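I have placed the structure first, in the form of C-alpha cells, so that the comments after it can refer back to it.
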Number of protein chains: 2
Amino acid sequence: VTQNIYDNQKFFEKYQRLSRSLKGLAGAPEWPALRALLPALGGLRVLDLGCGFGWFSRWARQNGASRVLAIDVSRNMLMRARAETHDPAICYLRADLERLRLQSGSFDLVFSSLALHYVKNLRGLMWKARCSLGAGGRLVFSVEHPIYTAPSSPKWRTASGRRFWPVNGYLEEGPRSTDWLAKGVIKHHRTLATYLNMLLRLGFSISEVNEWGPTRRQIASQPGWADERQRPAFLLVAARR
Amino acid sequence: VTQNIYDNQKFFEKYQRLSRSLKGLAGAPEWPALRALLPALGGLRVLDLGCGFGWFSRWARQNGASRVLAIDVSRNMLMRARAETHDPAICYLRADLERLRLQSGSFDLVFSSLALHYVKNLRGLMWKARCSLGAGGRLVFSVEHPIYTAPSSPKWRTASGRRFWPVNGYLEEGPRSTDWLAKGVIKHHRTLATYLNMLLRLGFSISEVNEWGPTRRQIASQPGWADERQRPAFLLVAARR
C-alpha cells in the first residue's frame, strides 16, 4: 500500500500553492524535457499513473489521445481533477497503484509524472504496465532522481563557498521519510540501475534517459534554481515494449 | 588526445602498488560484477580498450576468445603486459584511443575497464566501437561513476557522525583535474544519461546497468570499504549492437 500523503490536509493545502499546482504543466520546469520523450499522441490510448489534478490527461486529449484512464489514490486530487475536466474520454479512477488491475493490451502509452517514487512494489506495477501495453507501446515517466532521494539528510550544504548535495546511502534501497510540505512523507529510494534493469528484465527496451536540471535559460528567468544544476532533481525515462 | 598519466613515472610507481596491479582481476573488487555482464567468450574476437597490464585480455583468451586486440596509450603498461603474455593470439597495440582506426565488423565484443573516463571524445570512440562490431556484437565497459567524478572536491565528508559524498557540478560535463596518485590527473565527467543516450543514439540497445558498490560479503572481509556503499564508485554497462 502506498502512503496517501496527498489526502493529508496540511500537506495538500501547501501542495495546492506550488507553482505546478497553480499553473499546471507550465509551472513544472521539467515538463519540456518530459514532453520531448513522448510519442505523437494522435489516436493513442493513454494510462496516466498518479494523475494528480489531471493536467497531463487533459493535455494528452488536447493533443489527440483517443482516451485516457487517469488513476490516483488521492481523493483531494481527483476531486479537483474531475471538477476541471469536461471530457468524457478521460476517465478518473481512484485506486492504490499497488493494487491496480489492468486489461492486457489496452493501452499504447503508459505515462507517470513524479508518482512512482511513492510506490513500494514498483516491479509489480511495471509488470502490469507492460502487460497493459500492446506491442510497440511506450512507457514514459519521471521520478525524483536517485541522487535526490538517497541522502539521510536531503538538504544543500555549503563548504568553501560552494553548494553541494550530501549523498549517502545511495546503494541502500528502501523507504526514506522526509519532511516536504509535511512531516513523514515516505518515498522509496531506488538506484538508477534498479529503475533501468527492472524495465529491461520486464522486456522493455530503453529509448532515452534524462537526468533533469534546469536549462541556463530557465535559470536566467528563475535565478533561485541555479543550485539545481549541482545534481539532477528528476529522472525521466522513455522505454518501449 | 587523451592524457597519458600512466607514463608519468611517479603516478605509475604508485599505481603498480595498488591491489589491482598486484593481483590482477582478483584485486579488482568490481570484477565479479563486470564478469557477470560478459557473454560466453568461446570463439569471440575481442577488443580491449585501455588494456593496462593485459589482465582481461589474458583472461579472455583463457576463457575461449579466439583472438584479442589489446590497446593502450601507456608504454609502461604495455611493456609489462607484453612481458607477462605468452600468447600469439593476443596483440598489444600502443595507440591513443581517440585516434584509433578499426576495421568494420572485425570484433564480437568490445570491452573496456576503467579507461573511458579518460577519453575526451568518447562519442567518436563509441562510434568506431560500434562499427567494429558485427551485428549482435556486445559492448561491456566500466568507468568511474558520474557521482564519483562530478564533485569539485571528491573527498568524503562527515556530518552528525555520518559520512557523505559532496556532489556538485553533476550536470556540468567536462574535464575534472584530481589528485589521485599524482597531481593533475584529468578525467572527463559525463552524466549517466549521457553515457546511455550516447550508446542508444549510436544504435546500441542497453542490456544492463550496474552501479557498483562492494557487497556485504566484500565489506566483511575488507571493513575499510564500508563507505563505498554510500555512493557508487563505478558504472558498469552492457549493451548490444
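Worth pointing out:
- Boolean, B:Gly64 is open to solvent by 10 Å² or more (accessible area, probe 1.4 Å) and at positive phi: yes
- Every residue from the range A:159-174 that is at the interface with another protein chain (Cβ under 10 Å from one of its Cβ atoms) and either part of a helix (DSSP H, G or I) or not small (Gly, Ala, Ser) (or both): A:Arg162, A:Arg163, A:Phe164, A:Trp165, A:Pro166, A:Val167, A:Asn168, A:Tyr170, A:Leu171, A:Glu172
- Whenever a residue of the range B:157-176 is under 14 Å from B:Glu228 (Cα atoms), its partners that are open to solvent by less than 90 Å² (accessible area, probe 1.4 Å) and among the basic types (Lys, Arg), lying with C-beta atoms within less than 6 angstrom and at least six residues away or across chains, give the pairs B:Phe164/B:Arg157; B:Trp165/B:Arg231; B:Pro166/B:Arg157.
- Within the range A:16-30, the residues that satisfy the criterion of being out of contact with any Lys or Arg (no Cβ under 7 Å at 6 or more places or on another chain) and open to solvent by less than 20 Å² (accessible area, probe 1.4 Å) are A:Ser21, A:Gly24, A:Glu30.
- Only a single criterion out of (1) farther than 20 Å from B:Tyr195 by Cβ; (2) open to solvent by 30 Å² or more (accessible area, probe 1.4 Å); (3) in contact (Cβ under 8 Å) with a residue 60 or more places away in the chain is not satisfied by B:Gln103, namely (3).
- Given (1) among the small types (Gly, Ala, Ser); (2) open to solvent by 70 Å² or more (accessible area, probe 1.4 Å); (3) modelled with pLDDT of 95 or more, index of the condition A:Ala95 fails: (2)
- Hits in the range A:198-222 (condition: surrounded by 18 or more Cβ atoms within 10 Å (Cβ to Cβ), small (Gly, Ala, Ser) and out of contact with any Pro (no Cβ under 9 Å at 6 or more places or on another chain)): A:Ser207
- Flag for A:Ser142 being in contact with a Gly (Cβ under 7 Å, 6 or more places away or on another chain) and in contact (Cβ under 8 Å) with a residue 40 or more places away in the chain: no
- Qualifying residues in the range B:198-228 (those that are part of a helix (DSSP H, G or I) and more than 13 Å from chain A (Cβ to nearest Cβ)) - the one nearest to B:Gly134 (Cα to Cα): B:Arg217
- Any hit, the range B:175-197, residues being open to solvent by 10 Å² or more (accessible area, probe 1.4 Å), touching a strand residue (DSSP E or B) at 6+ places or on another chain (Cβ under 7 Å), part of a loop (DSSP other than H, G, I, E, B) and within 20 Å of B:Gln3 (Cβ to Cβ): no
- Unique match (being away from chain B (no Cβ under 14 Å), within 19 Å of the chain's Cα centre (by Cα), open to solvent by 20 Å² or more (accessible area, probe 1.4 Å) and of a type in the set (A, V, I, L, M)) among A:Leu114, A:Leu78: A:Leu114
- Any hit, the range B:127-134, residues being surrounded by 13 or more Cβ atoms within 10 Å (Cβ to Cβ), in a strand (DSSP E or B) and at pLDDT 95 or above: yes
The values are calculated or read from the model by the stated rules, or taken from the named source; none is laboratory data. Just so you know, these numbers come straight off a predicted model, no measurement behind them. Here the Cβ is made from the backbone with ideal geometry for all residues, glycine too, and neighbour counts use every protein chain on show. Ligands, DNA and RNA are stripped out before the accessible areas are found, and what is left, the full protein with its side chains, is counted by its heavy atoms. Shrake-Rupley method; radii C 1.70, N 1.55, O 1.52, S 1.80 Å.
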